[in-house]
1. Counting Lys and Arg as +1 and Asp and Glu as -1, each charge on the Cβ, what is the dipole of the stretch A:3-88 about the Cα centre in debye, to the nearest 20?
2. Fewest to most neighbouring Cβ within 10 Å: what's the order for B:Lys74, B:Lys356?
3. Determine the alpha carbon to alpha carbon distance for each of B:Lys123/B:Lys356; A:Lys28/B:Lys251; B:Lys39/B:Lys268; B:Lys16/B:Lys247 and list only those over 22 Å.
4. Among all stretches of chain B without exposed chymotrypsin sites (Phe, Trp or Tyr not before Pro) (DSSP loop, at most 11 other Cβ atoms within 10 Å), which one is longest?
5. Using helices alone, what [θ] at 222 nm do you get for the protein assembly as shown, with -39,500 (n - 2.57) per DSSP H run of 4 or more residues, divided over all residues and rounded to the nearest 500?
6. Hey, rough spin-label estimate for B:Glu414 and B:Lys232, points 7 angstrom out along Cα→Cβ, what's it come to in nanometres?
7. Take B:Cys293, B:Cys147 and order them by how many other Cβ atoms sit within 10 Å, fewest up front.
8. Order of A:Arg19, B:Arg441 from fewest to most other C-beta atoms within 10 Å?
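Read-outs throughout are calculated quantities, based only on the coordinates presented, and are distinct from any laboratory measurement. Only a predicted model underlies this, so the values are computations on that prediction, with no experimental measurement involved. When we count neighbours, we look across all protein chains shown, and the Cβ atoms used for this are built from the backbone with ideal geometry, even at glycine.
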Amino acid sequence: MNRTIITVVGKDTVGIIARVCTYLAGNKINILDISQTIVQEYFNMMMIVDTNRMEKHFGEMADELHRLGEEIGVDIKCQREEIFDKMHRI
Amino acid sequence: MINLFEVVETNEMITKENLDVRTITLGINLLDCIDSDLKKLMEKIYNKIYEAAKDLVKTGEEISREFGIPIVNKRISLTPIALVGGSACKSTEDFVSIARMLDQVARQVGVNFIGGYSALVSKGMTGADELLIRSIPKALSCTERVCSSVNLGSTKTGINMDAVRLMGKIIKETARYTEEQDSLGCAKLVVFCNAPDDNPFMAGAFHGVTEADKIINVGVSGPGVVKNAISKVRGESFEVLCETIKKTAFKVTRVGQLVAQEASERLKVPFGIVDLSLAPTPAIGDSVADILCEIGLEYAGAPGTTAALALLNDQVKKGGVMASSYVGGLSGAFIPVSEDQGMIDAVKAGALTLEKLESMTCVCSVGLDMIAIPGDTKETTISGIIADEMAIGMVNQKTTAVRVIPVVGKGVGETVEFGGLLGHAPIMPVNSFSCDAFVSREGRIPAPIHSFKN
């Protein structure tokens with residue numbers, strides 16, 4: 001399994017999750033977990049996804065999601081899970 | 001599974017606290033390029049470096065993108081050129097032509113620095129060592145990316161005072177050769193005692209003869225992360241302070257270890273070491289001096305600075321050692337002046353002097369680093385400063401270094417601007433009492449008694 005963490009941060013608005021999920025579904029990216037909070041009107045979401053069946057390169061996906069974020073007015077980042085795992089787990 | 005809080009913490013370290021991997025340095029052995037024909041030698045060196053490093057920058061960028069962590073520099077370190085060029089180079093010009101070629105290949109593969117224009121002369125100088133050393137001023141003035149280092153002493157061999165005397169002259173000459181750029185050449189030249197074979201940081205990186213054919217060494221950073229972490233335990237005991245630094249260093253180093261392993265796998269080059277050094281940059285918040293202030297000092301240089309730095313250095317090592325399978329290089333905290341805004345402020349406020357910096361080098365990695373001094377400082381005075389620093393390294397069995405810049409045409413009170421990562425610095429006063437008679441003695445200082453351990 002190739003796990004990637006997608007984080008979405010920005011001003012809350014209608015349809016953020018819908019837009020991101022539509023993109024993921026269209027690229028055969030499976031969502032494993034979602035957590036989300038809103039702090040002082042700021043939308044903060046983290047998704048753990050499996051990119052095993054995705055046909056694109058990682059960089060391409062990251063760029064496309066970043067552009068999608070710009071359209072919605074939020075910041076979307078993709079990072080492989082290992083960086084968090086290494087840092088927070090012994 | 002990873003939770004939102006942990007993801008946010010990591011990403012805040014990267015976006016707000018300047019967490020980055022400072023460098024991926026590819027070490028390349030050049031001993032198999034040795035040839036008595038200079039042209040053939042240069043061709044072999046060029047080809048070997050190009051083949052080994054052509055994917056280095058691209059791979060670094062890919063890793064950076066996938067993990068979302070900046071990898072600031074991609075660099076190359078080489079077998080000391082004095083060893084490689086010994087049989088082909090008959091003049092300083094011959095060595096300079098190698099430097100030019102190294103600059104060219106560095107540009108070709110896209111690395112910003114290439115280290116290893118070096119000589120190891122801790123006990124004595126061969127003819128080739130001396131030729132290379134004498135070629136340094138010209139080599140650094142006609143190249144952009146070549147870095148040079150000379151190892152002048154070690155705990156096992158003592159200090160080669162003939163080479164120390166020569167380096168005082170060479171540093172002054174390098175300053176003159178590059179006077180139009182505020183003596184920038186000296187920022188790419190460092191002298192060492194106990195130089196490590198696997199240092200990934202410039203200007204002192206070279207690929208030691210004890211190393212494999214190729215190796216990946218990684219230098220992590222993150223002074224901003226440490227500062228932010230300890231700002232949350234203001235007023236707490238030393239125990240809490242130390243635990244906090246240790247835990248933070250662990251997290252920072254794990255990122256370095258991950259990047260090193262990925263780079264090693266993708267480039268098919270064995271992983272060497274992670275260097276744990278806290279390396280500052282001129283960016284605001286990316287400062288080791290700011291950590292010292294957060295520990296409780298008004299400015300770096302105030303009484304208590306050496307103790308605070310000793311504590312910091314030790315905790316960084318303790319946290320980092322557990323996070324990486326192999327630790328090496330210099331590992332600790334760097335205290336360059338021009339590359340650290342907090343240090344610059346401390347000098348400007350009159351809190352930090354050259355003498356205090358010297359005592360700080362007793363307890364942290366490296367030494368007198370990126371210090372601008374008046375252009376009219378005498379050669380022998382520079383040699384005296386070097387000898388003092390080498391003695392600290394020799395007796396304390398640690399690495400020490402000197403990278404001072406006697407800025408031609410400038411004096412105390414003026415500022416010098418190097419730009420980029422090298423930063424800017426106020427010219428610091430130097431003790432001007434003479435050490436001429438000391439420095440002009442010939443020979444070497446014997447190894448200290450505690451080096452005889454066999």
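1. Details: 10 positive and 14 negative charges, 30 e Å.
Result for the stretch A:3-88 is approximately 140 debye, rounded to the nearest 20.
2. On the way: B:Lys74 23, B:Lys356 17.
Final ranking by Cβ density, sparse to dense: B:Lys356, B:Lys74.
3. B:Lys123/B:Lys356; A:Lys28/B:Lys251; B:Lys39/B:Lys268
4. B:1-432
5. So the calculated ellipticity at 222 nm is -13500 deg cm²/dmol.
6. The modelled label-to-label distance comes out at 4.7 nm.
7. By the 10 Å Cβ count, ascending: B:Cys293, B:Cys147.
8. Details: A:Arg19 18, B:Arg441 11.
The most exposed by this proxy come first: B:Arg441, A:Arg19.
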